[in-house]
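Please read the structure below before turning to the comments.
Every number here is computed from the coordinates shown, using simple stated rules; none is lab data. The shown structure was predicted, so the numbers you read here are calculated from the model rather than taken from an experiment. All Cβ positions, even for glycine, are placed from backbone atoms using ideal geometry, and neighbour counts span all protein chains on display.
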C-alpha cells in the first residue's frame, strides 16, 4: 500500500485483482482431474503451505521488491528453464488467498485488522505487475487471451524450431515413452504435484504448424531436501520442442498445461528437439541433446522414482506433509532467485502455523465439498 493512498483506493485495486482471479481459478480447479494419493497427504500439505503463504508472503515479497522491481522480474522470466512461470505466478496469488480463507475461519484478526488490506495489496500488486511483464501485455492471466502463454521471444522460438528434426512413427513412440517417464519422476519428486514440468505457447508457425515448448525443471538434486535421491539423473533442466501438424488445436492454460483437440496431441507430432540449459548463461543458447540423451534421462528417472517411492514410504506422516508444504510454499522462491535474494528469505515450512491449527488442518479425511459455482475468494469490505 502506498502511504499517500486512501483505504478506499487500495480496496478497489485489491478487489479488482481478486475479481479477475476468481473466475479463472474457479474454472481451473473445476477442470483439474481430481487426485488423492494413498501415500502423500496432499490436501493437508496444501492447506499448511497456504496458511504459511498468508502469514509470510507479504514480508518475503517486500524483500524481493526491495532488490528488483516486479516488472524486471517478469521480463527476466521470459526464458527457458525458468520456474517463475505462469503456474508459479498463479500460486503466489492463490496460495495467499487460500490461506486467507483458512485463517478467516479460525482467526480473522490478521486479515480484518488495520494491516490486512495492506498485506493483500503487497502480494497481489507483486503478482499483477510481475504477471503482466512476464506475459508482455496488459493481461494478468493466460485465460484472458484464450489460454495463450506465448512468452518466449520470436528469436528464441526460431532457434528452437531450427533445431527440431522430423518424427516418424517409431520416434514418436520413443518420445512419448520418455516424456511420460520423465513427467512421472517429476510428479513424485514434487510430492504429487504437477509443476515439475510446464509448457509455453502455443506458438503458431508460418507454415500452419504449432510449437509447444516444454520445460522439465530440477530433475536432479536441488533445494528439495530429499532430492539427492536423483543424483544419477544426468541433467538438471531440460527443454523440449514439440512441433504439431495443422490437424490439432492447442491452448495452454495458466497451469502451463497443454489442452488440445483431439486430446492426444502427440499423435500429431511431426518434429521434436531437446536441449539443456545446464551450464548455459541465462541469455545464452541452450545446448542441443540427442534422442540417446533423452533415453538416458528417462532410464535414470525410472530408477530414481523407485528409490524415491521407497524413501517416502519410510517417512513419518508429518514429514511427508512438511515436504509437500515446502514444495507449495516455495512457489515464491524462483522470483526471489531472479531478484538475487533467495538466500535472504527463510523458506522453512511449516514454520509459523500454530500447533493447534496445524493439528486441525492435517487430520485425515477428505476436504469439505466446495460449491463449484461460488467465487473462491471474498472481496474486501
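The figures follow:
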| read-out | value |
| --- | --- |
| At R0 = 45 Å, FRET efficiency that the Cβ-Cβ distance of residue 348 and residue 259 yields, to 0.05 | 0.80 |
| Label point distance in nm, residue 296-residue 366, each placed 7 Å from Cα along Cα→Cβ | 4.7 |
| Region 154-313, Rg to Rh (Cα coordinates; Rh as Kirkwood inverse mean 1/r) | 0.96 |
| Förster radius 45 Å - calculated FRET efficiency between residue 112 and residue 153 (Cβ-Cβ, nearest 0.05) | 0.50 |
| Paramagnetic label zone (point 7 Å from Cα along Cα-to-C-beta, residue 177; backbone N under 19 Å) in region 287-309 | 290-306 |
| Between region 64-129 and region 241-255, the Cα center-to-center distance that results, in Å | 29 |
| q = 0.14, 0.22 Å⁻¹, region 213-298: log10 I(q)/I(0) [Debye, one scatterer per Cα] | -0.62, -1.13 |
| Residues listed by number, region 245-277, amide nitrogen under 19 Å from residue 206 label point at 7 Å toward C-beta | 245-246, 271 |
| Difference of contour (0.36 nm per residue) and Cα-Cα distance, residue 245 to residue 379 | 43.8 nm |
| Cut-off 12 Å, label 7 Å out along Cα→Cβ of residue 281, residues of region 75-94 by amide N | none |
| Value of relative contact order over region 154-313, rounded to a whole percent, pairs C-alpha under 8 Å and six or more apart | 25 |
| Alpha-carbon Debye profile of the chain, log10 I(q)/I(0) at 0.06, 0.08, 0.11, 0.14 Å⁻¹ | -0.23, -0.41, -0.79, -1.29 |
| The chain - percent relative contact order, Cα under 8 Å, separation 6 or more | 26 |
